[in-house]
Amino acid sequence: MMKKLILAPALVFALSFPAFAEKIPLQVLNSYLNDLKSAKAAFSQTNDDGSVSTGTIYIKRPNRARFEYDPPNKSLVIAGGQQVAIFDPKSNVPPEQYPLRRTPLSLILAKNVQLNRTNQLVSHREQGDRTVITLQDPKHPEYGNIELKFSANPVTLREWVINNDAGGQTRVMLKDLSEAQIGARLFNIPQEIQARGLN
């Protein structure tokens, strides 16, 4: 009886906190990202101002991604041809464009992801049941950084947080990220511009 009384508080204490998983080794995460060639997922995005948007993301490495936002947003962001284009559904002008290399997202869309590259890996840590790595462009840390959050068994990318050069933060949570056959057309910025009659 006394043993049960002694163990009970310890059991309650243990159950009151989430389980902590072992940190996923860096080489395992590196292999996972390099094997992620073509995939799609539903996403929920929390912006710096607290607003939330949902949609579908398509990834086709290297260097290509497409964010299709659900109504009422209906915005579109395409990374392709080493550029990022932001299409505003309320505008009749061509999309705003800037180089992909200026965004932290380019670090995981690269042809050959190298997490242990000198000065690129900022941190590799545990956060509850997630393994979190923070990356930055070693040549341009002023571009900001990206935090990637992974679950284990099997290793899966669950979330990323982009901290930009202006101090803003964008959080993207992924649901059911899985391999998918995706055509190159989805990432062709000039064709999207032409299809929308914006050229």
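The values are calculated or read from the model by the stated rules, or taken from the named source; none is laboratory data. If you're wondering where the values come from, they're calculated on a predicted model, not measured in any experiment. Neighbour counts run over all protein chains shown; Cβ positions are idealised from the backbone, glycine included. Just the protein is used for accessible areas: all its heavy atoms, side chains included, with ligands, DNA and RNA removed. Shrake-Rupley method; radii C 1.70, N 1.55, O 1.52, S 1.80 Å.
Determine, for each peptide in 60-66, 190-196, the mean count of other beta carbons within 10 angstrom over its residues, then list the peptides with the highest first.
60-66, 190-196
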Using packing as a proxy for protection, rank 79-85, 175-181 so that the peptide with the highest average count of other Cβ atoms within 10 Å comes first.
-> 79-85, 175-181
Any chance you could tell me what percent of the C-alpha pair distances in the chain go past 24 Å?
-> 46 percent
Shape descriptor, the range 155-194: equivalent ellipsoid semi-axes (Cα gyration tensor, sqrt 5λ, whole Å, largest first) stand at 25, 20, 6
What Kirkwood hydrodynamic radius do you get for the range 64-115 when you take the inverse of the mean 1/r over all pairs of distinct Cα atoms, in Å?
-> 12.0 Å
In Å², rounded to a whole number, the accessible area per residue of the range 95-199 with probe 1.4 Å is 55 Å²
Computed over the chain, the relative contact order (Cα-Cα under 8 Å, seq sep at least six) in percent reads 22 percent
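Where does the chain land at 222 nm, in deg cm²/dmol rounded to the nearest 500, when only DSSP H runs of n ≥ 4 count, each adding -39500 (n - 2.57), divided by all residues?
Values: 4 runs with 35 residues, N = 199.
Helices in the chain give a 222 nm mean residue ellipticity of -5000 deg cm²/dmol.
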Other residues with Cβ under 9 Å from the Cβ of Glu179 give, with Lys and Arg +1 and Asp and Glu -1, a net charge of +2
Starting from the Cα gyration tensor of the range 21-76, multiply each eigenvalue by 5, take the square root, and state the resulting semi-axes largest first in whole Å.
-> 27, 16, 8
Please report, in whole Å, how far the alpha carbons of the range 98-155 spread along each principal axis, starting with the longest.
-> 35, 19, 19
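Taking a cut-off of 14 Å, what percent of all Cα-Cα pairs in the range 108-199 are separated by more than that?
I get 74 percent for the Cα pairs in the range 108-199 exceeding 14 Å.
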Do me a favour and compute the ellipsoid semi-axes for the range 31-137 from its Cα gyration tensor, root of five times each eigenvalue, largest one first, whole Å.
-> 26, 18, 14
If you add up the charges near Tyr58, with Lys and Arg at +1 and Asp and Glu at -1, over every other residue whose beta carbon is less than 9 angstrom from its beta carbon, what do you get?
-> +3
What percentage of the solvent-accessible surface of the range 46-149, computed with a 1.4 Å probe over protein heavy atoms, is contributed by carbon and sulfur atoms?
-> 44 percent
